[in-house]
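The structure appears below as structure tokens.
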Amino acid sequence: MSVERVTYRLGDADLILETGKIGKQANGCVYAQWGGAAIIATICASSSVTEGQDFVPVTVEYNEKFYAAGKIPGGFVKREGRPKDKEILVSRLIDRPMRPLFEPSFGHELQIVPTCVSCDGVHTQDILAVIAASAATCISDIPFHGPVAACRVGYLNGEYIINPTFEQIEKGELEIVVAGTKDGFTMVEGGANEVSEELMLGALERAQKFITDMCLLQEELVKKAGKEKLPLNPLDVTLDNAEAIEAEATPLLKEACFKDSKISRGKAISQVQRDLAAKYAEQLSDPIQAKLFCALMDDIQYKLLRKSILDEGVRVDGRKVDEIRPITCEVNVLPTPHGSALFTRGETQSLAVCTLGTAMDEQSYDDIDGDRSEHFILHYNFPPYSVGETGKLTTGRREIGHGNLARRSLAAMVPSREEFPYTIRVVSEIMESNGSSSQASTCGGTLCMLAAGVPMKKMVAGIAMGLITEPEGDNPYGRYKILSDILGEEDHLGDMDFKVAGTKDGITGFQMDIKIAGVTTEIMKKAMEQARQGRLHILSIMEKCIDKPAPLAKNAPQILTMKIPVDKIGALIGPGGKNVKALCAQYDVTINTDDDGTVTIYSKNGLNAEAAKKAVKGITEDPEVGTIYQGTVKRIMDFGAFVEILPGKEGLCHISKLSKQRVNKVTDVLTEGQVIPVKLLEVDKQGRLNLSYIDALDA
């Protein structure tokens, strides 16, 4: 097999796609390189075929090797372990635009494995991974309606930047990833610092050219190295009595589909299906017929719900297209946590809890992009009881993805470490769900942080939107309806699902998945404006509950900060951390020291924090004559006692300075370990400290 290569000039380096040198036993393998970043992407299909499959059994396992950045994994085990959150998020980034383009009737299990084998810290590897995964699939023998590609768009100094570097991403006002085909984008995800709807739309438009170029590049590689596609395995069987079943089921499902609650709708639909299944029991004893029967039931519901929305503007729960479900907000619903909130929108509910911690509680990341830490953490939990089911309480890819969206939506409005020196952890527990639990987490996160006393720059709310379309003549979007605050059923049956979060003044988080090609700019503008109106409505309700930070909870850590000379940091820490550990133990505090001399003291008791601050000040400043210190008697001699006034600093309190009366023995006045006030009388030429107990008592 010959080696084939195609190239594209992107910024300061060539983007290269190559096949035929490595991974030749996979169905498809592509080596992709951009600058110092490189990905090896493979796709393989199982040998066995499952007939009648109505979904695509594809898994994406993006992984990063530490050797890619010239690093060895930290910790005791020097082997890469389970997937990190970042790897899971990139896997989802690849999965979402590619999954709809596979044929369910192919019938084979598919596994896509993009591996990052080189990273230079300049060129981002996730965009390269999407392109490489698509290219490997396109040249393989697996049927695929691609190619797809991705593009990151930033906005810095008033200009859009296509595929910005890590440094530009950090400084920019906007960072979104757009994925799609030559016909249009199908997936968008990103965060921003209060950008306008117009600026966001501009970013989407600019991404399309690069996506088209990357698709053409992949097609060029397919011409050189593409394999003949394997045959599909479509079902040749049709549902017996389909017309009769549909005629009988349609009026029954029409009544069942428009009940007023998710539970009542589910029960009514299940009852209709059970009754019909019993009537046609003999026919449906065949597993294939049973599967086709279920598919017909889904298809009837699909048509009924879409027709109602397009013809009458009425949704499954009776709402108008732009109507938002009833919203209630409560704060401080839990007695002990630092801040808590219960956000309920219709049948979706988030119990959000905020905990404030110290700098040592920050989330540390050790990956190929470099070591870093985050002072704002958000975790999203979706237990099975939230939808009335049983199951395992494990964190899956969906939970990590939804949590990341909510975190990005809130992050721009969370104060910096310098403004608010706490680690902030928000946990969103989804108590019940019927659509847009990630956006309920965004709203609940805002409320619980304010309840905990976090000085957010502005309040953030999120909303999930949907789109229903129907062709009219040559116009694929002749009729369409944009839906605000979609339900789970509308997400499943709609043509577009997009979530927008932000403040009153702009967008902070954005995610979109489109099931149809080439949504027009006109539709996007209307959808964004309708989302803005919905967001403002939700914010107005949240503001009635809480609109400014509450006082810090009594059980939250108390924080004091101070500056010390950089050359005194060593004295504060002491050999092996001896001094700082002693201070922490003595005053029941936690002390964190930064390289610039900033010292942060955390304590549950304000008095302890103040006492520790005085002690730190004493260690890092030269002792001042005339100052009174609380010292500990360390050693007793015949002529006096040595008293430690600061960690590592002792002075002599002569026997003559213990009392105004004559003292025969030092032990008549003092005992070892006793804490006494002493006044610093003098620092002699040799740096020795002379102390007085009498003068401290008289002061």
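Residues considered: GLU61, GLU109, GLU103. Of these, the only one that is among the acidic types (Asp, Glu), modelled with pLDDT of 90 or more, over 26 Å from the mean Cα position of the chain (by Cα) and farther than 17 Å from VAL177 by Cβ is GLU109. Scanning the stretch 150-177 for residues that are crowded, with 17+ Cβ neighbours inside 10 Å, in contact with a strand residue (DSSP E or B) (Cβ under 7 Å, 6 or more places away or on another chain) and part of a strand (DSSP E or B) yields a total of 12. Selection over the stretch 643-677 of residues that are among the β-branched types (Val, Ile, Thr) and under 12 Å from LEU689 (Cα atoms) gives a count of 2.
Across the stretch 213-233, the number of residues qualifying as hydrophobic (A, V, I, L, M, F, W, C), assigned to a loop (DSSP other than H, G, I, E, B) and surrounded by 14 or more Cβ atoms within 10 Å (Cβ to Cβ) comes to 1.
Sort out for me the strands (runs of 3 or more DSSP E) sitting completely within the stretch 341-449 that have 1 or more residues that are under 26 Å from LEU493 (Cα atoms) and among the small types (Gly, Ala, Ser). The qualifying strands (runs of 3 or more DSSP E) are 348-357.
The C-beta contact set for the stretch 213-224 (first residue under 13 Å from ALA133 (Cα atoms), second residue at pLDDT below 95, distance under 6 angstrom, 6+ apart or interchain) comprises CYS215/LYS182. Candidates in the stretch 463-493 are the residues that are loosely packed, with under 15 Cβ neighbours inside 10 Å and small (Gly, Ala, Ser); of these, the one that is nearest to VAL426 (Cα to Cα) is GLY478.
Of all residues in the stretch 473-514, those satisfying the criterion of being modelled with pLDDT under 85 and out of contact with any Leu (no Cβ under 7 Å at 6 or more places or on another chain) are GLY473, ASP474, ASN475, PRO476, TYR477, GLY478, HIS492. When the stretch 32-46 is filtered for residues that are surrounded by 15 or more Cβ atoms within 10 Å (Cβ to Cβ) and not in a strand (DSSP E or B), the ones remaining, listed by number, are GLY35, GLY36.
Can you confirm whether VAL77 is surrounded by 12 or more Cβ atoms within 10 Å (Cβ to Cβ), outside any strand (DSSP E or B) and in the same structural domain as ARG99 (by TED's automatic domain parsing)? It is false that VAL77 is surrounded by 12 or more Cβ atoms within 10 Å (Cβ to Cβ), outside any strand (DSSP E or B) and in the same structural domain as ARG99 (by TED's automatic domain parsing). Total residues in the stretch 417-429 satisfying the condition of being touching a residue at least 24 places away in the same chain (Cβ under 8 Å) and surrounded by fewer than 24 Cβ atoms within 10 Å (Cβ to Cβ): the figure is 8. LEU276 - would you say it is within 24 Å of LEU235 (Cα to Cα), in contact with a Ser or Thr (Cβ under 8 Å, 6 or more places away or on another chain) and not small (Gly, Ala, Ser)? No: the conditions fail for LEU276.
Does THR344 satisfy being over 29 Å from MET496 (Cβ atoms) and hydroxyl-bearing (Ser, Thr, Tyr)? Here the answer is no, as THR344 does not meet what is asked. Candidates in the stretch 118-149 are the residues that are surrounded by fewer than 24 Cβ atoms within 10 Å (Cβ to Cβ) and among the polar types (S, T, N, Q); of these, the one that is modelled with the highest pLDDT is SER118. Screening THR7 against (1) in a strand (DSSP E or B); (2) crowded, with 16+ Cβ neighbours inside 10 Å; (3) of a type in the set (S, T, N, Q) leaves a single unmet condition, (2). Exactly one residue among ALA550, ALA585, ALA556 is crowded, with 17+ Cβ neighbours inside 10 Å and either of a type outside the set (D, E, K, R) or within 19 Å of ILE676 (Cβ to Cβ) (or both), and that residue is ALA556.
Evaluated against (1) in a loop (DSSP other than H, G, I, E, B); (2) of a type in the set (A, V, I, L, M); (3) within 27 Å of the chain's Cα centre (by Cα), VAL49 falls short on exactly one condition, (3).
Candidates VAL58, VAL90: the one that is without any contact (Cβ under 8 Å) to a residue 60 or more places away in the chain, within 25 Å of HIS145 (Cβ to Cβ) and in contact with a Lys or Arg (Cβ under 7 Å, 6 or more places away or on another chain) is VAL58. Within the stretch 500-536, being in a helix (DSSP H, G or I) and buried (at least 18 other Cβ atoms within 10 Å of the Cβ) holds for MET524, ALA527, MET528, GLN530, ALA531, ARG532, GLY534, ARG535.
Every residue, every condition in (1) without any contact (Cβ under 8 Å) to a residue 24 or more places away in the chain; (2) crowded, with 18+ Cβ neighbours inside 10 Å; (3) closer than 19 Å to GLY435 by Cα; (4) of a type in the set (A, V, I, L, M, F, W, C), yes or no:
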{"residue": "GLY357", "(1), (2), (3), (4)": "no, yes, no, no"}
{"residue": "ARG397", "(1), (2), (3), (4)": "no, no, yes, no"}
{"residue": "GLY401", "(1), (2), (3), (4)": "no, yes, yes, no"}
{"residue": "ALA411", "(1), (2), (3), (4)": "no, no, no, yes"}
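None of ALA464, ALA451, ALA517 is small (Gly, Ala, Ser), modelled with pLDDT of 95 or more and within 22 Å of VAL188 (Cβ to Cβ) except ALA464.
Residues in the stretch 444-462 that are touching a helix residue (DSSP H, G or I) at 6+ places or on another chain (Cβ under 8 Å) and surrounded by fewer than 24 Cβ atoms within 10 Å (Cβ to Cβ): MET456, MET459. Restricting attention to the stretch 617-648, the residues that are of a type outside the set (Asp, Glu) and farther than 18 Å from VAL675 by Cβ add up to 6. Within the stretch 257-288, the set of residues being of a type in the set (S, T, N, Q) and modelled with pLDDT of 90 or more comprises SER264, SER270, GLN271, GLN273, GLN283, SER285. Checking each residue of the stretch 339-354 against the condition of being modelled with pLDDT of 95 or more, crowded, with 22+ Cβ neighbours inside 10 Å and charged (D, E, K, R) gives at least one match.
Select from the stretch 654-671 the residues that are of a type outside the set (A, V, I, L, M, F, W, C) and within 19 Å of ALA699 (Cα to Cα) and list them in ascending order. Across the stretch 654-671, the qualifying residues are HIS654, SER656, LYS657, SER659, LYS660, GLN661. The set of residues in the stretch 274-289 being without any contact (Cβ under 8 Å) to a residue 12 or more places away in the chain and of a type in the set (Gly, Ala, Ser) consists of ALA278, ALA281, SER285. When the test is whether a residue is among the small types (Gly, Ala, Ser), modelled with pLDDT of 90 or more and not in a strand (DSSP E or B), GLY651 does not pass it.
So that you can scan it fast, the table gives a plain yes or no per residue for (1) assigned by TED's automatic domain parsing to the domain that holds PHE420; (2) surrounded by 17 or more Cβ atoms within 10 Å (Cβ to Cβ); (3) under 20 Å from GLU362 (Cα atoms):
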{"site": "VAL566", "(1), (2), (3)": "no, no, no"}
{"site": "GLY574", "(1), (2), (3)": "no, no, no"}
{"site": "ASN579", "(1), (2), (3)": "no, yes, no"}
{"site": "THR600", "(1), (2), (3)": "no, yes, yes"}
{"site": "LEU607", "(1), (2), (3)": "no, no, no"}
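When GLY318 is tested against (1) at positive phi; (2) part of a helix (DSSP H, G or I), exactly one condition is not met: (2).
The values are calculated or read from the model by the stated rules, or taken from the named source; none is laboratory data. Everything numeric here is computed off the predicted structure, so don't read it as measured data. Ideal geometry is used to build each Cβ from the backbone, glycine not excepted, and the neighbour counts take in all protein chains shown.
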